[in-house]
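Each remark here refers to the structure printed beneath this line.
The values are calculated or read from the model by the stated rules, or taken from the named source; none is laboratory data. Bear in mind that the values here come from a model prediction, so they are computed numbers and not experimental data. Every residue, glycine as well, gets a Cβ built from its backbone with ideal geometry; the counts of neighbours run over all protein chains shown.
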Amino acid sequence: MIDLKEILINSNYKKETEELINIANLAYKHWETYWTGFNSTYVCEEILKDFENLNDFKFFIYGGFSSSQRSRIACYREDSIPEEDALISNFPAQGIKINGNFLFDNATQDDFRTLLIENGVNQSKVGDIWTIGDRGAQGIIDNLDIEHLDEKIFYLRDVKVKINVVSIVELQIPSGRTKKLVNTVEASTRLDAIASAGFRVSRTKIIERIENGMLRLNGSKVKKPTINLKIGDKLELENKGFIEILNLEITKRERWKVKLLRK
């Protein structure tokens, strides 16, 4: 069994790490595969670094499709490793379609996520949500948290929406993003400056999205564009993916050379 206190002591993601430890203990005891709830994919990658030296366990990160921004971690014994195709085909989640007319009342991913949470879905049970133009949204949700949603009518503000539960293969999966290095020179290391350069969005629009809670820094929403960033920080912008700060270097003219990885 895993020593909970020893692994948790230096973890930056204690809640998520504790959940993974708990399912690892179940996997070890019952010789079966167990899954965590949904978290940001980069959080999944970060917490697994603390488990690299555990020879008794193997892990698999998956969120329903290859470029998902929210994923779950599967844990199984090293001496009972399932095929990857089996893990994917048995992924414990289904798709949802949230249909409504948002032509005159735009809604964001977080609006649709909030709709689900306010109607009884635990946040950790909701995977990726993506908008489909002005017709609503689609997403991925834990398959144990959906019965009360299927074929039901709800309201998002004043817009009537209908939710349908479908298989993941019926979804219009958002196009994947390839990893790309971005080099830029900025006057400062402020959040708005680096996010604007990394996501190729104007400074004005970035500030607006930050103030609306659409940008996350290291997994948490931030609403202050003036925060100074550091090497290793990771940003997530709704519908735009992730950027990670690989290097910051001051120039002779006291500007900042910034190296980013966008994915």
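It is to be established whether one or more residues within segment 17-28 are touching a residue at least 12 places away in the same chain (Cβ under 8 Å) and either on the phi > 0 side of the Ramachandran plot or part of a loop (DSSP other than H, G, I, E, B) (or both). No, segment 17-28 contains no residue that is touching a residue at least 12 places away in the same chain (Cβ under 8 Å) and either on the phi > 0 side of the Ramachandran plot or part of a loop (DSSP other than H, G, I, E, B) (or both).
The set of residues in segment 235-252 that are part of a strand (DSSP E or B) and either within 12 Å of the chain's Cα centre (by Cα) or β-branched (Val, Ile, Thr) (or both) comprises Leu235, Glu236, Leu237, Gly241, Phe242, Ile243, Ile245, Ile250.
Does Phe59 meet the test of being under 30 Å from Glu170 (Cα atoms) and not in a loop (DSSP other than H, G, I, E, B)? For Phe59, the condition - under 30 Å from Glu170 (Cα atoms) and not in a loop (DSSP other than H, G, I, E, B) - is met. Figure legend. Inter-residue proximity from segment 236-251: first residues on the phi < 0 side of the Ramachandran plot, second residues modelled with pLDDT of 85 or more and acidic (Asp, Glu), beta-carbon distance below 6 Å, spacing 6+ or different chains. Indicated pairs: Phe242/Glu236; Ile245/Asp233. Out of segment 63-88, which residues are assigned to a loop (DSSP other than H, G, I, E, B) and of a type outside the set (Phe, Trp, Tyr)? Matches in segment 63-88: Gly63, Gly64, Ser66, Ser67, Ser68, Gln69, Glu78, Asp79, Ser80, Ile81, Pro82, Glu83.
Each row is one residue, and each column tells you yes or no for (1) among the charged types (D, E, K, R); (2) modelled with pLDDT of 90 or more.
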residue: Ala86; (1), (2): no, yes
residue: Asn99; (1), (2): no, yes
residue: Gln109; (1), (2): no, no
residue: Thr114; (1), (2): no, yes
residue: Val121; (1), (2): no, yes
residue: Asp128; (1), (2): yes, yes
residue: Thr131; (1), (2): no, yes
residue: Ile141; (1), (2): no, yes
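For segment 88-128, filtered to residues that are of a type in the set (A, V, I, L, M, F, W, C) and closer than 12 Å to Ile163 by Cβ, the residue that is surrounded by the fewest Cβ atoms within 10 Å (Cβ to Cβ) is Val121.
Mind checking which residues of segment 213-233 are more than 18 Å from the chain's Cα centre (by Cα), outside any strand (DSSP E or B) and farther than 13 Å from Lys259 by Cα?
Lys223, Lys224, Pro225, Thr226, Ile227, listed by residue number.
Considering segment 150-195, the residues that are of a type in the set (S, T, N, Q) and part of a strand (DSSP E or B) include one that is nearest to Ala107 (Cα to Cα), namely Asn164. The single condition among (1) of a type outside the set (D, E, K, R); (2) more than 21 Å from Ile88 (Cβ to Cβ); (3) modelled with pLDDT under 90; (4) crowded, with 18+ Cβ neighbours inside 10 Å that Thr41 does not satisfy is (2).
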